[in-house]
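These notes concern the structure reproduced below.
The values are calculated or read from the model by the stated rules, or taken from the named source; none is laboratory data. Keep in mind it's a predicted model, so treat the numbers as computed, not measured. All Cβ positions, glycine included, derive from the backbone under ideal geometry; neighbour counts span all protein chains shown. Side chains included, ligands, DNA and RNA excluded: accessible areas come from the protein's heavy atoms. Shrake-Rupley method; radii C 1.70, N 1.55, O 1.52, S 1.80 Å.
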Number of protein chains: 2
Amino acid sequence: VNSIGIVGSGIAGLHLALFLQQHSVPVTLYSDRTAEQIRASRLPSTVARFEHTRARERALGVDHWSALGHDVMWTRLYINGEPPLTFRGDVSQPWSFVDMRLYLATLLGDFEERGGEVIVGAVQASDVARLANEHDLVVVASGRASLTELFPRVPEHSPYTQPQRRLCAGYFHGIENPEPLGFYYTISPGQGEIFQAPFYSFEGRVSNLLFEAIPGQGLDVITQLRYQDDPRTFEATVLKLLREHVPIVYERVNPKEFGLTRPLDLLQGAITPTVRRGYLQLESGKFVVAIGDVHVLNDPLLGQGANAASHAAWVLGEAILNGSLYDELFCHGVEQRIWAYARPVTEWTNAALQPPPHVIEVFVAAAQNKAVADQLVDNFNAPQRNWEVFSSPERAASFLRQFGWNAPASTLQSSELRAA
Amino acid sequence: VNSIGIVGSGIAGLHLALFLQQHSVPVTLYSDRTAEQIRASRLPSTVARFEHTRARERALGVDHWSALGHDVMWTRLYINGEPPLTFRGDVSQPWSFVDMRLYLATLLGDFEERGGEVIVGAVQASDVARLANEHDLVVVASGRASLTELFPRVPEHSPYTQPQRRLCAGYFHGIENPEPLGFYYTISPGQGEIFQAPFYSFEGRVSNLLFEAIPGQGLDVITQLRYQDDPRTFEATVLKLLREHVPIVYERVNPKEFGLTRPLDLLQGAITPTVRRGYLQLESGKFVVAIGDVHVLNDPLLGQGANAASHAAWVLGEAILNGSLYDELFCHGVEQRIWAYARPVTEWTNAALQPPPHVIEVFVAAAQNKAVADQLVDNFNAPQRNWEVFSSPERAASFLRQFGWNAPASTLQSSELRAA
């Protein structure tokens, strides 16, 4: 019997577990929490799921949220400069924003209801060798610290050694959403980014605000304030930052209703973008594969992480269906195929943390040409295409020429971000 | 105008030139020789062309040799051990062996007749920067020493620092060929390999003998003898080696007719298997791409070089049709796609130069199971499949289990090559 052990019940672990279950491969899922504990936990992340991920959900029969009328049909970019720059891009295939506690708990329930074996308890790095003896292959799909450290960092693909943003994400009442639903992506030059998205959560529709603050700058105050010390001051600070940096969201706030939905619906933290090796060999000779954040951890700036993790689960799942032996040839092939997708995601994200001037020129063009705006936004579902657009001034100029925009690359290089 | 300059008129350069010409991309081919000079040159190599390469020839309209009735339908492996081991595998798609001087000169003529621009003259490394200014992209498809040195060796993929075989290849009269035509692949344990193949050359059908001699062993004498010093001694030595090492070929020799076809139909030399970077950036900022032997040079032991070079030309050609800018993103993507194919070729070839015991056990199975033999031989057209078979004892056992052969991996590890 070809048995797979999966450590971790995030999107990567669950998509892989459900995929293997669907194909009758024996699989055991090791989760550090029950579905009920996941529902009761602190906000873990704020994830946008794009069409390629949603297509996999349909294939797995876990497409529980498409019928809610909660799909997001467009994105508005707003650059809080002097003057401000803004454009709206419509997507050809809607995005979905669902509270990941709801999402993961529901998928874990699906897996169990279909007869899946779940073993609840924390797995540490020291447990992996034992699990490897019980399965033909162990997959690590959990970024718990001791598990992460099993896989060596790849310096060549990890340009940063500390966080480039400090994060504060929370769900709020009191922000009116236009119809159809849209996502607001604000860049405040020199300060960071602020995202506002309608999320489907335990109380129905709420508004997520995610602050991506450059450490030490003005936005960073909200990543350091403790909500529980003084909820009113915290919420007042959020409103002050919205007013200063995101007037187009602030104008939709109803101050009387505004407030964090629940104390647990808040997340503050920071990550260091890190690419690690995608597999390791144990002393026994057996191999262990890593997927998701434990393999490739990017800043959430471009919303690609959960989608890339789901993609990686699929690549590994298909390799398991096709393969017979979990040796270095297998692991290397899987790592290569996962990295072929994840590399442009990683390079685009790392570049966007310190955006070069030609990026702004593309945004200027998008503000004047709706087709450019639509393409840029739609490319979030095919991130390698946006990396092709943004990877150099020449690429940006080449992209814009397709839309009849003939600014030379030299112009793109001379544009600059200016703070408001 | 998007203009491509190709340096080198080997199979990689010509397949790329013909591909781009077919798709109306302006292309200039820099060849160190005219078609007539190529025809008049010394034997450059002895190439088997497998189906994937022949399919590209049909697509390019340069399939000039399929109608000759010269296709090779099977391969016989012969291990000159005690006792000898032999099996025959039939191919599902025939192989073609054509004198590369005829082949390359004809394709160069095709390119010119279709209006292609050819500039004849040697190109040195110092010329590349100038050519780069005249074209949007320069492709180096020639392994001339000074050009090769432009591209850094990749030690990680180049385990050898000196030749593992010394080579002697020649065309001979006086070896009878069975019908349908077949290829004889002999392994003489501890000595090296000897190949005999029917080639279509200037005089019609001739027999190629390729000696792959382990340096310093008995076979090596033929790589050191100078034909022009004493043709009779040279030919007598060839016969003596055939009699000792390849009795199943020797028995088809007619000694009265046996002899080298022409003094130019002989090649002696040695190569160090080397993988180099697939592109470089010039001081001007422009990029230059390498394809074929200048990028990946393998020992000819497994006959993959020309086929991999043609594959690389196709990958690059399609990328040129799809792409717009020849920047690092473009070059890196092309290098990755070429290496995805070339890596198993390289690893299989490098392993076959020092074959581990489990390889012999696979051959033992092939001698008893025709389906195994056919699959191994057919896999020369899909080399990654043979690397999957041979890369470890466990992989070999897994492959054989598909054919109902249940030797455990431990048995495979205990087999050994024994000299006759």
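Points to keep in mind about this one:
- Calculated mean residue ellipticity at 222 nm for chain A: -11500 deg cm²/dmol, from DSSP H runs with n ≥ 4 weighted as -39500 (n - 2.57), summed, divided by the residue count and rounded to 500.
- When you filter the GluC sites (Glu not before Pro) in segment B:122-224 for DSSP loop state and at most 16 other Cβ atoms inside 10 Å of their Cβ, you are left with B:Glu149, B:Glu176, B:Glu203.
- At q = 0.06, 0.07, 0.11 Å⁻¹ the log10 of I(q)/I(0) for chain B amounts to -0.25, -0.34, -0.84, computed by Debye summation with a single uniform scatterer per C-alpha, solvent ignored.
- The protein assembly as shown - share of DSSP beta bridges that are antiparallel (%, nearest 5): 65
- For chain B, the membrane-span-like helix rule (DSSP H, alpha carbon extent of at least 15 Å along the helix axis, mean Kyte-Doolittle at least 0.5) picks out B:11-22, B:305-322, B:357-368; this says nothing about an actual membrane.
- Among beta bridges from DSSP that stay inside chain B, the antiparallel ones total about 65%.
- Using every pair of distinct Cα positions in segment B:1-136, the Kirkwood expression returns a hydrodynamic radius of 16.9 angstrom.
- Exam field: A:Gly61 pseudo-label spacings to other copies (7 Å along Cα-Cβ), nanometres: 5.4
- Computed from point charges on the beta carbon alone (+1 for Lys and Arg, -1 for Asp and Glu), the dipole magnitude for segment B:222-367 about its Cα centre is near 240 Debye.
- Between copies, the label points of B:Gly269, set 7 Å from Cα on the Cα→Cβ line, lie 5.9 nm apart, reported in increasing order to one decimal in nanometres.
- For segment A:205-315, taking the reciprocal of the average inverse distance between every pair of different Cα atoms yields a Kirkwood hydrodynamic radius of 17.1 Å.
- The local environment of A:Gly143, defined by Cβ-Cβ distances under 12 Å, has a net charge of -1 under the rule Lys, Arg +1 and Asp, Glu -1.
- Judged by the gyration tensor of its Cα atoms, with axes a ≥ b ≥ c, segment A:30-84 is oblate; a/c meets the 1.5 cut and b/c is at least as large as a/b.
- Per residue accessible area of segment A:250-395, 1.4 Å probe, in Å²: 37
- Applied to segment A:270-283, the Karplus parametrisation 6.51 cos²θ - 1.76 cosθ + 1.60 on θ = phi - 60° returns per-residue 3J(HN,Hα) values of 6, 10, 9, x, 8, 9, 10, 4, x, 6, 8, 9, 7, 4 Hz, with x for Gly and Pro.
- Debye-sum result for segment B:144-288 in log10 I(q)/I(0), which assumes one identical scatterer on each alpha carbon, at q = 0.16, 0.21 Å⁻¹: -0.88, -1.26
- Intensity falloff of the protein assembly as shown expressed as log10 I(q)/I(0), Debye formula with alpha-carbon point scatterers, at q = 0.06, 0.10 Å⁻¹: -0.49, -1.13
- Protein-protein interface of segment B:305-334, residues with accessible area decrease of at least 20 Å², isolated chain reference, 1.4 Å probe: B:Ser324, B:Leu325, B:Asp327, B:Leu329, B:His332
- Beta bridge orientation in segment B:1-106: antiparallel %, DSSP, nearest 5: 70
- Here's how it looks for A:Leu266: its modeled amide H is under 5 Å from those of A:Leu43, which are all 5 or more places away or on a different chain.
- The relative contact order of segment B:2-153, computed from alpha carbon pairs under 8 Å that lie at least 6 residues apart in sequence, is 39 percent.
- Here the 3J(HN,Hα) profile of segment B:138-143, calculated from phi with Karplus coefficients 6.51, -1.76 and 1.60 at θ = phi - 60°, is 9, 10, 9, 10, 9, x Hz, Gly and Pro shown as x.
- Selection among B:Phe199, B:Ala125, B:Tyr185 by position relative to the dipole of segment B:109-221 gives B:Tyr185 as farthest towards the positive end (Cβ unit charges, Cα centre).
- Prolate/oblate/rounded call for segment B:138-222, Cα gyration tensor, a/c under 1.5 rounded: oblate
- Whole-Hz Karplus values for segment A:89-96 come out as x, 9, 9, 7, 9, x, 9, 10 Hz, taken residue by residue from phi with 6.51 cos²θ - 1.76 cosθ + 1.60 and θ = phi - 60°; glycine and proline positions read x.
- With its label point defined 7 Å out from Cα along the Cα-to-Cβ axis, A:Thr237 lies at 8.6 nm from the matching points of the other copies, in increasing order.
- Alpha-carbon radius of gyration plus Dmax, which is the widest Cα pair, for segment B:313-392 in Å: 17.1, 54
- Per the accessible-area calculation with a 1.4 Å probe, the total area buried between chain A and chain B rounds to 1200 Å².
- Residues whose amide H comes within less than 5 Å of that of A:Phe199, counting only those at least five positions distant or on another chain, are A:Val206, A:Ser207, A:Asn208 (H built at 1.01 Å from N in the peptide plane).
- Note on A:Arg165: accessible area approximately 10 square angstrom, rounded to 10, probe 1.4 Å, nucleic acids and ligands left out.
- Total charge dipole magnitude, chain B, about the Cα centre, Cβ charges on Lys, Arg, Asp, Glu only, Debye to nearest 20: 440
- Surface share of carbon and sulfur [accessible, 1.4 angstrom probe, percent] for segment B:260-390: 51
- Long-range amide H partners of A:Phe87 with built H, under 5 Å: A:Leu77
- Relative contact order of chain A: 21 percent, from C-alpha pairs under 8 Å at least 6 residues apart in sequence.
- Global form of segment B:99-147, assessed from the alpha-carbon gyration tensor, a/c cut-off 1.5: oblate
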